[in-house]
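Presented below is the structure to which this report refers.
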Amino acid sequence: MELARFLHGTADSRTGGQTIRHGRAYEAFGTVLFGGRRRHVFTRLAELTGARPGDRALDVGCGTGYLTLRLADVVTSAGSVIGVDPSADVLAHARRRANGRTHCTFTDGIAENLPAADGEFDVVASSLMLHHLPEDVRARAVAEMRRALRPGGRLLLADFRPPTNSVARHLVGAVTGPVMERNPVHLLRPLVEQAGFTEVRTGDLHPWIHYVQAVKAGPAA
Ligand SMILES: C[S@@+](CC[C@H](N)C(=O)[O-])C[C@H]1O[C@@H](n2cnc3c(N)ncnc32)[C@H](O)[C@@H]1O
């Protein structure tokens, strides 16, 4: 099986997105991709969400739960975090990994139709998920994240930033397929602004991450 198909090739009838199976193999790939910086990068992403102890957080397209668990550490057992993903295999992996942290749970669902009540969460985060959705579905997913946030709640989107060097970019494409080679991360900011978020900020984390932070305007609860 080539890596491109493993990463982006499993269709789910509920979503135009491509889900990931094989949680254990995904973990191995993630470790190699971040070259020893994965924990540092995802700990930083959890901080960048602005989550605080006691918050209710949602991780959309949580995969094997790497960011979800970092968020669980930040919100502490005074709060809670839910990871959502349509792939049963990665959810099973994530649940095993949660290892008794009862404030960290995982559930089946899709970004375009989140299993969440309006305004249920203080923080919504999503890492490396949006490039799995067809471009015309991404706005729907971001609108859903906004719906799930309370007024004053905070959004963090992070996705794969292709290398600027064309040789390295082609190498990424050869190994992982065209989705990651051409991932248009510069469109994340306008996507978030068009969804109605305010206080939008962007940044990069070495080696591959571009992120967008934003707030759902309105009086905090
Ligand atoms: C590259 S993985 C990222 C996993 C995790 N967030 C991380 O940073 O390691 C992308 C995840 O998005 C999930 N996914 C694909 N389509 C989705 C959809 N429509 N809604 C939510 N998640 C989706 C895949 O199943 C996969 O677990």
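Give me the residue from the range 80-93 that is in contact with a Gly (Cβ under 8 Å, 6 or more places away or on another chain) and part of a strand (DSSP E or B) and, out of that set, surrounded by the fewest Cβ atoms within 10 Å (Cβ to Cβ). Steps first, answer last, please.
Applying the first criterion (in contact with a Gly (Cβ under 8 Å, 6 or more places away or on another chain)) to the range 80-93 yields 83-87, 89-93.
Narrowing further to those that are part of a strand (DSSP E or B): 83-85.
Numbers: 83: 30, 84: 25, 85: 27.
Here the answer is 84.
So which residues in the range 19-32 are in contact (Cβ under 8 Å) with a residue 24 or more places away in the chain and surrounded by fewer than 20 Cβ atoms within 10 Å (Cβ to Cβ)? Break it down stepwise before answering.
As a first pass, look at the range 19-32 and keep what is in contact (Cβ under 8 Å) with a residue 24 or more places away in the chain: 19-24, 26-27, 29-30.
Passing the criteria: 21, 22, 24, 27, 29, 30.
Restricting to the range 199-221, count the residues that are buried (at least 16 other Cβ atoms within 10 Å of the Cβ) and assigned to a loop (DSSP other than H, G, I, E, B).
Summing the residues that are buried (at least 16 other Cβ atoms within 10 Å of the Cβ) and assigned to a loop (DSSP other than H, G, I, E, B) in the range 199-221 gives 2.
Go through the range 106-115 residue by residue and tally those that are crowded, with 16+ Cβ neighbours inside 10 Å and either within 10 Å of the ligand (Cβ to nearest atom) or over 26 Å from residue 139 (Cα atoms) (or both).
Looking only at that region, the number is 5.
Cβ-Cβ distance below 6 Å, separation of 6 or more or different chains: which pairs start in the range 114-133 with a residue that is of a type in the set (S, T, N, Q) and end on one that is more than 9 Å from the ligand (Cβ to nearest atom)?
From residues that are of a type in the set (S, T, N, Q), the pairs are 126/157.
Give the residue, chosen from 148, 168, that is out of contact with any Lys or Arg (no Cβ under 7 Å at 6 or more places or on another chain) and closer than 19 Å to residue 119 by Cα. Please lay out each step first, then the result.
Working: 168 fails: closer than 19 Å to residue 119 by Cα.
The conditions single out 148.
Return the pair list, or none, for Cβ contacts closer than 6 Å from residues in the range 177-201 that are closer than 16 Å to residue 135 by Cα to residues that are acidic (Asp, Glu), at least 6 apart or on different chains.
What qualifies is 185/159.
Against the condition polar (S, T, N, Q) and free of Cβ contacts under 8 Å to residues at least 12 places away in the same chain, how does residue 107 come out, does it pass? Even if it seems obvious, please write down each step before you answer.
Working: polar (S, T, N, Q): yes; free of Cβ contacts under 8 Å to residues at least 12 places away in the same chain: no.
No; evaluated as a whole, the condition is false for this residue.
Take the residues of the range 35-90 that are within 11 Å of the ligand (Cβ to nearest atom) and of a type in the set (Val, Ile, Thr): which is nearest to residue 156 (Cα to Cα)?
The qualifying residue nearest to residue 156 (Cα to Cα) is 60.
Could you tell me how many of the residues in the range 131-160 are touching a Gly at 6+ places or on another chain (Cβ under 9 Å) and within 15 Å of the ligand (Cβ to nearest atom)? Lay out the reasoning, then the answer.
Taking the range 131-160 first, the residues touching a Gly at 6+ places or on another chain (Cβ under 9 Å) are 132-134, 136-137, 141, 143, 146-154, 156.
This time we only want the ones that are within 15 Å of the ligand (Cβ to nearest atom), so: 132-134, 136-137, 141, 143, 147-148, 156.
Of the residues in the range 131-160, 10 are touching a Gly at 6+ places or on another chain (Cβ under 9 Å) and within 15 Å of the ligand (Cβ to nearest atom).
Is it true that some residue in the range 160-177 is modelled with pLDDT of 95 or more and within 26 Å of residue 34 (Cβ to Cβ)? Explain how you work it out, then say what you get.
Step one: of the range 160-177, the residues modelled with pLDDT of 95 or more are 160-161.
Subset that is within 26 Å of residue 34 (Cβ to Cβ): 160-161.
Looking through the range 160-177, at least one residue is modelled with pLDDT of 95 or more and within 26 Å of residue 34 (Cβ to Cβ).
The values are calculated or read from the model by the stated rules, or taken from the named source; none is laboratory data. The shown structure was predicted, so the numbers you read here are calculated from the model rather than taken from an experiment. Backbone-built Cβ (ideal geometry, glycine too); neighbour counts: all protein chains shown.
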